[in-house]
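Heads up, the thing below is written out as structure tokens.
Each reported figure results from applying straightforward, stated rules to the coordinates on display, with no laboratory input. Predicted model only: the values in this text are computed from it and were never measured. Cβ atoms come from the backbone with ideal geometry, glycine included; neighbour counts cover every protein chain shown.
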Amino acid sequence: MQVFFAPFYLTILNITAGVLAMCIMLLFGFGGYIWIPIILIIAVHIVLIIISRYEPHIDNILTARTMVPAKTKNIIKEAGSKYGA
């Protein structure tokens, strides 16, 4: 799934970060510079398009990477090739 030729989840993350930056700038009184996060959103989106051209499955790779379970700690080796906790 793509949004304007960029991976979907990375685009959502990009837009969310940009909107959050806009809200923070408005909160602290930098409303005159509100166009800066918009330019950053567009620039990062262009970078995402370039990256996705070279690695079309980057979104799937990052999504699968977050679903990998954590390694078990404190494993005690038992007889044979078994491990116990």
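Here are the numbers for this structure:
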{"read-out": "Projected label distance in nm at ILE58 and ILE24, using a 7 Å step from Cα toward the beta-carbon", "value": "2.2 nm"}
{"read-out": "Ascending count of other beta-carbon atoms within 10 Å, so fewest first, for ILE50, ILE36", "value": "ILE50, ILE36"}
{"read-out": "Kirkwood-based Rg to Rh ratio, region 1-53, C-alpha trace", "value": "1.06"}
